[in-house]
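Just below is one structure, and these are the notes that go with it.
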Amino acid sequence: MTLRELQYLVALADHRNFRRAAEACLVSQPTLSTQLRKLEEELGVPLVERAPRRVMLTPAGREAVERARRILDEVEQLKEGARRSCAAEAGALKLGVFPTLGPYLLPHVVPLIRARFPELELLLFEEKSAALISRLNYGTLDAAFLALPVHDSHFHAEFLFEEPFLLAVPGTHALASRDNLSITELSRYNLMLLEDGHCLRDQALDVCQMAGAREKSEFRATSLETLRQMVAAGVGMTLLPMLATRTPSQPAENIHLLEFSDSKPSRQIAMLWRKTSAMGRLLADVAQVCRTLPQELLAPRH
């Protein structure tokens, strides 16, 4: 059984005439008739009732036509998918990002991506890092913004930028009169952190360990914005990634930001995708666009 035979059967069902069906398929009438007989022999049932003046489908023929239409439709979708892979810039890109980066990075990079790839359909998914890695492995995401390191040999990682951390303190805090501090000074304070599962929590814990600081254990936030509001309310201090402090729509009343004068704690942001991805060339181009962020977004504030 061949796809050509199924095409002949569907054409005959549409035209109800061997000559017109053959013309539609760009073959001779004997060729079409011979191929349909071969199909009937393979299936073991007659598909067509050949009357002198008209062609009718048998019950088995009608069922075969319906199945043939579905098969041919699936084949066309398969071909379309392959064509879209060859012209990936006109397809869809499923891109993941973790919550403590997405709201602050995407407003800057999405316009850049759209300007470079105007026909690309961008589908964005915000989830915690572990879920993004899982979805990348299962193929339900094409790529994801993640913080390095990611220990998975199946992924290709394109480094994008290094994002410094700032210390956010209430405006009434003693440190609010300063512009910077040494990281060793953190050993005097307790820091508010996010709940388990956020990569920013792990990054902040690394900074705490390096500085000898401690976690304010009686409070854990579910989002970066909750941490920001708790600082504004005078509950405590926390670490904020630089991009989160550059968002103009977020009020910063009663929050003072300090840079670190020595070790410059930071996190490295990369775009990752499967090494086997057929979209590798496009994804590399998208990553290159994301590297063109305005330098002032990650530059020192003073």
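The values are calculated or read from the model by the stated rules, or taken from the named source; none is laboratory data. Owing to the predicted nature of the structure, the values given are computational and were not obtained by experimental measurement. Cβ: placed from backbone, ideal geometry, glycine included. Neighbour counts: every protein chain shown. All accessible areas refer to the heavy atoms of the entire protein, side chains included, with ligands and DNA or RNA removed. Shrake-Rupley method; radii C 1.70, N 1.55, O 1.52, S 1.80 Å.
For every residue, the table says whether it meets (1) open to solvent by less than 60 Å² (accessible area, probe 1.4 Å); (2) in the same structural domain as Arg228 (by the TED database); (3) in a loop (DSSP other than H, G, I, E, B).
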residue: Leu105; (1), (2), (3): yes, no, no
residue: Val109; (1), (2), (3): yes, no, no
residue: Ala115; (1), (2), (3): no, no, no
residue: Leu122; (1), (2), (3): yes, no, no
residue: Leu132; (1), (2), (3): yes, no, no
residue: Leu146; (1), (2), (3): yes, no, no
residue: His151; (1), (2), (3): no, no, yes
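Taking Leu78, is it modelled with pLDDT of 90 or more and of a type outside the set (S, T, N, Q)? Spell out the reasoning first.
On the way: modelled with pLDDT of 90 or more: no; of a type outside the set (S, T, N, Q): yes.
Spelling it out, it is not the case that Leu78 is modelled with pLDDT of 90 or more and of a type outside the set (S, T, N, Q).
Taking the stretch 258-281 as the range and being under 24 Å from His156 (Cα atoms) and open to solvent by 10 Å² or more (accessible area, probe 1.4 Å) as the test, the residues that pass are Ser266, Gln268, Trp273, Arg274, Lys275, Thr276, Ser277, Ala278, Met279, Gly280, Arg281. Checked against (1) at pLDDT below 90; (2) open to solvent by less than 60 Å² (accessible area, probe 1.4 Å); (3) in a helix (DSSP H, G or I), Thr100 meets all criteria but (3).
Table: residues versus (1) in contact with a strand residue (DSSP E or B) (Cβ under 7 Å, 6 or more places away or on another chain); (2) among the basic types (Lys, Arg); (3) assigned to a loop (DSSP other than H, G, I, E, B); (4) modelled with pLDDT of 75 or more.
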position	(1), (2), (3), (4)
Leu193	yes, no, no, yes
Glu215	yes, no, no, no
Glu218	no, no, no, no
Met230	yes, no, no, yes
Gly234	yes, no, yes, yes
Leu243	yes, no, no, yes
